Amino acid sequence: MTDRTLGVGMVGYAFMGRVHSQAWRNVTAFFDLPVAPAMRVVCGRSEEAARAAADRLGWAEHATDWRSLIERDDIDIIDICTPGDSHAEIAVAALAAGKHVLCEKPLANTVAEAEAMVEAAAKSTGRSMVAFNYRRVPAVALARQIIADGRLGEIRHVRAQYLQDWIVDPDFPLVWRLQKDLAGSGALGDIGAHIIDTAQFLVGQDIVGVTGLTETFVRERPLPDGSGTGPVTVDDAAAWVARLSGGALGTFEATRFATGRKNALRIEVNGSLGSLAFDFEAMNELWVNEGQGFARVLVTEPEHPYVGAWWPPGHGLGYEHTFTHEIKDFLEAIAAGADPTPSFADGLRVQRVLEAVEQSDGAYREIS
Ligand code: SOE
C-alpha cells in the first residue's frame with residue numbers, strides 16, 4: 001500500500017462515468033501502486049442525478065459545476081467522461097491549473113480542439129492520457145508483443161472492424177451521439193476512433209493516408225422527449241482504406257448497423273511470417289497463425305499482460321477490467337513522473353485520421 005493519495009474529480013456519470021468509477025474503486029485492490037486514488041467528487045449537470053451517482057458509484061461528494069473541481073486543492077486528477085463537445089474546455093482548464101487529466105475518447109470533436117488540448121498538455125505540469133481502453137485488453141497487449149517481437153514478420157495488412165447494432169431500429173431516439181454539435185461525428189468518431197488507435201498500437205505504424213465513405217441510413221429519428229422528430233446529423237457507418245507508415249495496407253469499417261453484432265471490435269493482422277486475429281466479443285482469446293494454421297490462445301495465464309492481478313487461468317476478464325488496467329497505468333505513470341500513453345498527441349493523430357476520412361468522401365470515384 002502507499003501513503004500517497006491523489007484526489008480524483010470525475011465529470012460525467014453515464015456509461016463511461018460508471019465504468020471509470022468501477023476502475024477507480026478497485027484498482028488498488030488488485031494492483032500494488034505507489035499512489036492511491038481518492039474518489040472525491042462526481043460532477044454532472046443534474047444535482048439529483050449527480051447525488052445519486054455519488055451514492056451509487058462511491059464518490060464522497062457531488063457537484064454540478066466542473067470548474068469547482070479544478071479550484072480544489074484536494075483534487076489532483078480530473079477524469080473527463082462527458083460527451084466530446086466539452087472535452088477541450090474542461091481539459092484545457094484542468095491542465096492550466098496543473099491537474100492531471102484522463103479524457104475519454106475521442107479526444108475532441110475537431111482537430112482544432114484536439115490541437116488546443118495537446119498545446120495545453122505540453123505547457124502543463126499535469127500529466128494527460130486519452131482513454132483508448134482496448135489497448136489494455138490482455139489479448140491486444142499480447143498481440144502487440146507478438147508483432148513487436150517480429151513473429152509475424154513484415155506487416156502487410158491490418159483489417160479492423162468495429163460492429164454494433166444499437167440504432168438499427170429507426171424508432172431509437174435522437175440521443176446526443178446522433179447529434180454532430182455534441183458528438184462531433186457518429187460511428188466514425190465514436191467506434192472508428194477505437195480501431196484507428198488499436199490498429200496503430202498493434203502494428204506500431206501510423207496511418208498516413210486514407211480514402212473512405214460515410215453513410216447515414218436513418219436520417220430522422222424521434223426526439224427523446226417525445227415532442228416530434230429531428231434530423232440525424234452524423235454518420236451511421238464509415239468504411240475506409242489506409243496506408244500505414246511501415247508500408248502496410250489498412251481496411252477499416254465502423255458501423256452501428258451491423259445487425260446482430262453488439263460490440264464486435266475485430267482486428268486481423270497479416271504478416272510475411274504469420275497472422276493474428278482478435279474479436280472483442282471473445283476478448284479472452286487470441287488466434288495466432290505462425291505458419292501452421294490458426295491456434296487459439298486463451299489469454300488468461302498469469303504471465304499474460306495484466307492477467308496476473310486477477311483470477312486463475314481460464315476464468316477470464318471483461319470489458320470493465322480494461323478500464324482498471326488503463327487507470328493503473330495512468331497512476332503508475334503519474335507516480336513515476338512519466339507521460340502516460342496514449343497521450344493527447346496520440347489522440348490528436350486519431351482526430352486527424354477521422355477528419356481525413358470525413359473529408360475524403362470527395363475522392364470517391366463513381367464506376368459507370
Ligand atoms: C458506443 O456505444 C460505445 O459506448 C463507445 O462509446 C465506447 O467507447 C465503446 O467501448 C463501447 O461502445
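Per residue, the chain exposes 43 Å² of accessible surface when a 1.4 Å probe is rolled over the protein heavy atoms with every protein chain present. Rounded to the nearest 20 debye, the dipole size of the chain about its Cα centre is 420 debye, using +1 on the Cβ of Lys and Arg and -1 on the Cβ of Asp and Glu. Taking 11, 92, 168 in turn, the Gaussian network model of the chain (Cα-Cα springs below 10 Å) assigns the largest fluctuation to 168. Computed with a 1.4 Å probe over protein heavy atoms only, the accessible area of residue 240 comes to about 10 Å².
Put a dot 7 Å past the Cα of residue 122, heading toward its Cβ, do the same for residue 245, and the two dots end up 1.6 nm apart.
Averaging 1/r across all pairs of distinct Cα atoms in the range 105-181 and inverting the result yields a Kirkwood radius of 16.8 Å.
With runs of 4+ DSSP H residues as the only contributors, calculate the mean residue ellipticity of the chain at 222 nm using -39,500 (n - 2.57) per run, divided by the residue total and rounded to the nearest 500. The helix contribution divided over the chain gives -9500 deg cm²/dmol. Both radii were evaluated on the Cα set of the range 104-241; the Rg over Rh quotient, with Rh as the Kirkwood radius, amounts to 1.03. Of the residues 178, 277, 224, the one whose Cα sits farthest toward the positive end of the charge dipole of the range 148-293, with +1 on the Cβ of Lys and Arg and -1 on the Cβ of Asp and Glu, is 277. Beta bridges from DSSP with both residues in the chain: antiparallel share about 55 percent, rounded to the nearest 5. Site pair residue 294 and residue 171 shows an inter-label distance of 3.8 nm when each label is modelled 7 Å from Cα along Cα→Cβ.
Report, to one decimal in Å, the Kirkwood hydrodynamic radius for the chain based on all distinct Cα pairs. Here the Kirkwood hydrodynamic radius works out to 21.3 Å. Here the peptides 189-195, 277-283 are ranked by packing, the mean other Cβ count within 10 Å, and the order with the highest first is 189-195, 277-283. At full extension, residue 156 and residue 38 could sit 37.9 nm farther apart than now, given 0.36 nm per residue minus the alpha carbon distance. Normalising by residue count, the range 65-157 has a Cα convex hull of 140 Å³ per residue. Of the solvent-accessible surface of the chain, computed with a 1.4 Å probe over protein heavy atoms with every protein chain present, carbon and sulfur atoms account for 49 percent. Along its first, second and third principal axes, ordered by size, the range 5-134 spans 37, 35, 32 Å in Cα coordinates. Spacing of the modelled spin labels on residue 61 and residue 47, each 7 Å from Cα toward Cβ, amounts to 1.6 nm. Could you calculate the FRET efficiency of residue 263 with residue 73 from 1/(1 + (r/R0)^6), where r is the beta carbon distance between them and R0 is 41 Å, rounded to 0.05? With R0 = 41 Å, the Cβ-Cβ based efficiency is 0.55. Can you find, among 28, 116, 42, the residue sitting farthest towards the positive end of the charge dipole of the range 5-134, where Lys and Arg contribute +1 and Asp and Glu -1 at Cβ? Farthest towards the positive pole: 28. Taking amide H atoms as placed 1.01 Å from N in the peptide plane, the amide H of residue 62 lies under 5 Å from those of 42, each 5 or more residues away in sequence or on another chain.
The values are calculated or read from the model by the stated rules, or taken from the named source; none is laboratory data. Since the model is a prediction, treat every value here as computed from it, not as a measurement. Cβ atoms come from the backbone with ideal geometry, glycine included; neighbour counts cover every protein chain shown. Please note that ligands, DNA and RNA were not included when accessible areas were found on the heavy atoms of the full protein model with its side chains. Shrake-Rupley method; radii C 1.70, N 1.55, O 1.52, S 1.80 Å.
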